[in-house]
Structures are given as C-alpha cells and as structure tokens.
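Notes follow once the structure below has been shown.
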C-alpha cells in the first residue's frame, strides 16, 4: 500500500519518522506539502501520531490513478464552499443561533435530517428573496483547493456531481459558474418575493443523495472503483458508501470513522494527492 502524508504542518522530519514507523521502501514528494510513501505497512499507532501533528494520512492501493475516475461527487455546504448557506440566511433573518444549533445536531447525526431541515426552513419564513443573492455575493466562498480539484476533473474528463441538502438557488449558480455536470438539492418555496418557510417537493436527504449518486454512476457506466464521494456530515454517509473512495472532508467524527480516508487539515486539492 502507498501511504500519503500531507497538510500545512508536514515537515521532512515527519516524513522520515513515518517512513521508519511503517517500514516504507521509499518516500516521494508529490506536492509542496505532500509525500507518497511506497510499500508502507499499516502501523496501528500511525493515526494517533498523525493526529497529534495535524497531518493528514491515507493508505491507498498502488496504481490508483485520478485519470481513471469517471465520477466525483461532493457535498456543497462546508465542503465545496466554506459556509453553511442556511446558517447565513438565518443570520439575515435574525435566527442564526436557533438554526445553527439545529444544523450542528443534524450534521452529527443526533436528529433526523429531514425534520431538522423543515424546522430550520420554517424559521426563515418571511425573509426577503433578495437575501439569497446577498449570501451568494457577499458570503459564499469556495473552499481552498476547490479550483485545482475541479480543474483536474475537467482535464481528465471526470464528471462532477454536486449533491446538497441545501438549496437549488446556490447549487445552480455554482453549476453555471464552475461548469459542474450534475446537481441535486432542495427548492425553497417563495411567494411574493419572500420565503414561505417550506421546501417545495421532496427533501434531499441521505438516501436521495445516494440515489442520485447511483443514477449518475449508472448513466456513466462507472465501476465502483472509478467513483469518489466527498462529504462532511452524517447525511453524506449513504452516498459515500456507494463510492470506491469515500473522503471525509473537515468532517464530523461519525463521518471520519466510516470513510476510506479523511482530510482534516488539507484543502480540497488534497484529494488529488491521494491518487497517482
């Protein structure tokens, strides 16, 4: 197995020590703050060692190439972008504290996502539609490394799927701006220029994300090993279980525990370093 070490805190001394711990045959620098250690043994103490030094690590099979992928899916809020859009809308509605508390519970898997979204959206009732544009223009920022990851997908013809329990207003603008191939998200009810406090149609929850992932993978005739899913919350887990490589990105502990690998300190372009 190859061991990938990366992150802003990674130093040459860390690489040398990890190579000794895992009895790796060689260490190759693959990015300014990333190394690939060949033929590394899966030393049990490595995870805690890396955690203490704020280093991301992942074991990957030799020969797993990014260019061989057909589908890369990712969550939107706190994954592709740095914010939770509903929390930002909540601040504009004067309901930030109430909404953020429900969001945190849902992402930790403590309450049902569908019910939590209904409760949060209800708190937005009466908010002016223009608030959506304000959040997009003034607060929405791409996660560091997103541009490099998306550019690599386009270069290698990897199809992009943006799956979100958030809102179509944002996913569709990002789809057009970033040339994303597929999206799925919730539609906010709007009447007379104000939010109704309801979602139109079925809510996009964990199973809906997984179903969209399966449908796109089938359309692309992608084998499981040709797919990647990236997420941060409990509602991403079913989708991530469908993928050949599942990546927990700055994620909650419940997500990190079930993913193929986790990026806790690297940017989204850290995904590229996992592959050859």
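Each value in this text was obtained by applying a stated rule to the coordinates, not by laboratory testing. Here the structure is a predicted model, which means the values were calculated and not measured. Ideal geometry is used to build each Cβ from the backbone, glycine not excepted, and the neighbour counts take in all protein chains shown.
One table, with the values for the structure above:
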read-out: Estimated inter-spin distance, residue 129 and residue 67, nm [label 7 Å along Cα→Cβ]; value: 4.8
read-out: Separation between Cα centres of region 1-62 and region 152-195, rounded to whole Å; value: 35
read-out: Tilt relative to the chain, helix 12-22 - C-alpha long axis, 0 to 90 degrees, to 10; value: 70
read-out: Fraction of alpha-carbon pairs over 19 Å apart in region 1-62 - percent; value: 14
read-out: Cα-based helix-to-principal-axis angle, 146-155 vs the chain, degrees rounded to 10; value: 70
read-out: Using alpha carbons only: equivalent-ellipsoid semi-axes of the chain, gyration tensor based, whole Å; value: 35, 19, 16
read-out: Nearest-0.05 FRET efficiency for residue 104 and residue 219, computed from C-beta distance (R0 30 Å); value: 0.30
read-out: Two-site FRET efficiency, residue 137 against residue 258, from Cβ-Cβ distance with R₀ of 41 Å, rounded to 0.05; value: 0.70
read-out: FRET E, pair residue 200, residue 21, Förster distance 51 Å, beta-carbon r, rounded to 0.05; value: 0.45
read-out: The chain: angle of helix 168-178 to the longest principal axis, Cα-based, in degrees nearest 10; value: 50
read-out: Gain upon complete extension [residue 44, residue 172; 0.36 nm per residue less C-alpha separation]; value: 41.7 nm
read-out: Computed label-point distance, nm, for sites residue 241 and residue 151 using a 7 Å Cα→Cβ extension; value: 3.7
read-out: Using alpha carbons only: equivalent-ellipsoid semi-axes of region 87-156, gyration tensor based, whole Å; value: 28, 18, 10
read-out: Mean Cα-pair separation over length for the chain, i.e. relative contact order, pairs under 8 Å, 6 or more apart, %; value: 22
